[in-house]
1. Given the condition outside any strand (DSSP E or B), more than 15 Å from residue 133 (Cβ to Cβ) and at pLDDT 95 or above, answer yes or no: does some residue in region 17-37 qualify?
2. Restrict the check to region 149-161 and report whether at least one residue is buried (at least 17 other Cβ atoms within 10 Å of the Cβ), at pLDDT 95 or above, farther than 13 Å from residue 55 by Cα and acidic (Asp, Glu).
3. If only one of 280, 215, 226 is over 21 Å from residue 164 (Cβ atoms), hydroxyl-bearing (Ser, Thr, Tyr) and out of contact with any His (no Cβ under 9 Å at 6 or more places or on another chain), which one is it?
4. Given (1) crowded, with 18+ Cβ neighbours inside 10 Å; (2) within 30 Å of residue 145 (Cβ to Cβ); (3) at pLDDT 95 or above, identify the lone condition not met by residue 200.
5. From (1) closer than 11 Å to residue 156 by Cα; (2) without any contact (Cβ under 8 Å) to a residue 40 or more places away in the chain; (3) of a type in the set (D, E, K, R), pick out the condition that doesn't hold for residue 267.
6. So, in region 228-268, of the ones that are within 21 Å of residue 65 (Cβ to Cβ) and open to solvent by 30 Å² or more (accessible area, probe 1.4 Å), which residue ends up nearest to the chain's Cα centre (by Cα)?
7. Consider residue 188 carefully, then state whether it is modelled with pLDDT of 95 or more, open to solvent by less than 60 Å² (accessible area, probe 1.4 Å), of a type outside the set (A, V, I, L, M) and under 30 Å from residue 80 (Cβ atoms).
8. Could you list, in sequence order, all residues of region 222-234 that are part of a loop (DSSP other than H, G, I, E, B) and in contact with a helix residue (DSSP H, G or I) (Cβ under 8 Å, 6 or more places away or on another chain)?
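The values are calculated or read from the model by the stated rules, or taken from the named source; none is laboratory data. Everything numeric here is computed off the predicted structure, so don't read it as measured data. Reconstructed Cβ throughout: ideal geometry from the backbone, glycine too, with neighbour counts over all protein chains shown. Areas reflect the complete protein model, heavy atoms only, side chains present, ligands, DNA and RNA absent. Shrake-Rupley method; radii C 1.70, N 1.55, O 1.52, S 1.80 Å.
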Amino acid sequence: MLPWRRLLRPLAVLALTTAALVAPTTPAAQAASAPGSGWNNWSCRPTAAHPRPVVLVHGTLGNSVDNWLGFAPYLVNRGYCVYSLDYGQLPGVPFFHGLGPIEKSAAQLDAFVTKVLAATGAAKTDIVGHSQGGMMPRHYLKFLGGAAKVNALVGFAPDNHGTTLSGLTRLLPYFPGAEDLISSATPGLADQITGSAFITRLNEGGDTVPGVKYTVIATRYDEVVTPYRSGFLDGPNVRNVVLQDLCALDISEHVTIALTDRIAWHEALNALDPTHAERTTCASVFE
């Protein structure tokens, strides 16, 4: 097997695992995000209890529906206006997004947040992202003026400082042309490699920007963002959480932390509404 294929194999596994864990994008699944039925309801108006709409940002190989079939209704049922977008699309690649250049993806997020704020009348939004979706918004906050429009950023297993994919990316320099191949075919993957030009620029001068609250929820069993603590941020208004410190029995890995893990969801809920936060434990799975 060629080395670059070995590099991409964990991401292929991620895609297959996602497909197995959630329903495909069928008409029924699409209806779940249709106006009036839950999230992406453009007539929703934030309440005094939840004054900011929540924007959900999927991960690499995800999309605006499948990534959030569990968490979006979880928020809607608790009174939030919730919206999700597709970004990073490549021509001829349906359903599996987040593969385009991350700078362009951040511009898509910028346009989407502007649309959400205009529709809801809110002054700011909160963003919750999974994997790349927890990291990419930091480019929007830092370079595209997003800090003025965002109150909080919550990341499920974000790759804030890139990933080695369990060390596989360290093989790239030994195989001429491999990194160029990945960069040209799937620039969104290349941007996420530890030490890439994108990751270096993103973190130069500090991980955070003033005025935004940051929460990172990581899992020790992450097989995609490696090492898992590379997702942690340094700076003011930052809370870094290891899922297993909240519940030692939790075995969620990179995909399930966002798709099915109600303990992680509960901690994200605390970040969205810290005034009414309740301690997250193993029992949070029943809430």
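1. Scanning region 17-37, I find no residue that is outside any strand (DSSP E or B), more than 15 Å from residue 133 (Cβ to Cβ) and at pLDDT 95 or above, so the answer is no.
2. Taking region 149-161 as the starting set, the residues that turn out to be buried (at least 17 other Cβ atoms within 10 Å of the Cβ) are 149-161.
Next, from what is left, pick out any that are at pLDDT 95 or above: 149-161.
Subset that is farther than 13 Å from residue 55 by Cα: 156-161.
From what is left, the residues that are acidic (Asp, Glu) are 159.
For region 149-161, residues buried (at least 17 other Cβ atoms within 10 Å of the Cβ), at pLDDT 95 or above, farther than 13 Å from residue 55 by Cα and acidic (Asp, Glu): present.
3. Step by step, each of 280, 215, 226 is checked, and only 215 is over 21 Å from residue 164 (Cβ atoms), hydroxyl-bearing (Ser, Thr, Tyr) and out of contact with any His (no Cβ under 9 Å at 6 or more places or on another chain).
4. The failed condition is (1).
5. (2)
6. So the first thing to find is which residues in region 228-268 are within 21 Å of residue 65 (Cβ to Cβ), and the list is 252, 254-262, 264-265, 268.
Still in the running and open to solvent by 30 Å² or more (accessible area, probe 1.4 Å): 260, 262.
Working: 260: 14, 262: 16 Å.
The residue in question is 260.
7. It is false that residue 188 is modelled with pLDDT of 95 or more, open to solvent by less than 60 Å² (accessible area, probe 1.4 Å), of a type outside the set (A, V, I, L, M) and under 30 Å from residue 80 (Cβ atoms).
8. First, the residues of region 222-234 that are part of a loop (DSSP other than H, G, I, E, B): 222-227, 232-234.
Those that are part of a loop (DSSP other than H, G, I, E, B) and in contact with a helix residue (DSSP H, G or I) (Cβ under 8 Å, 6 or more places away or on another chain): 222, 223, 224, 225.
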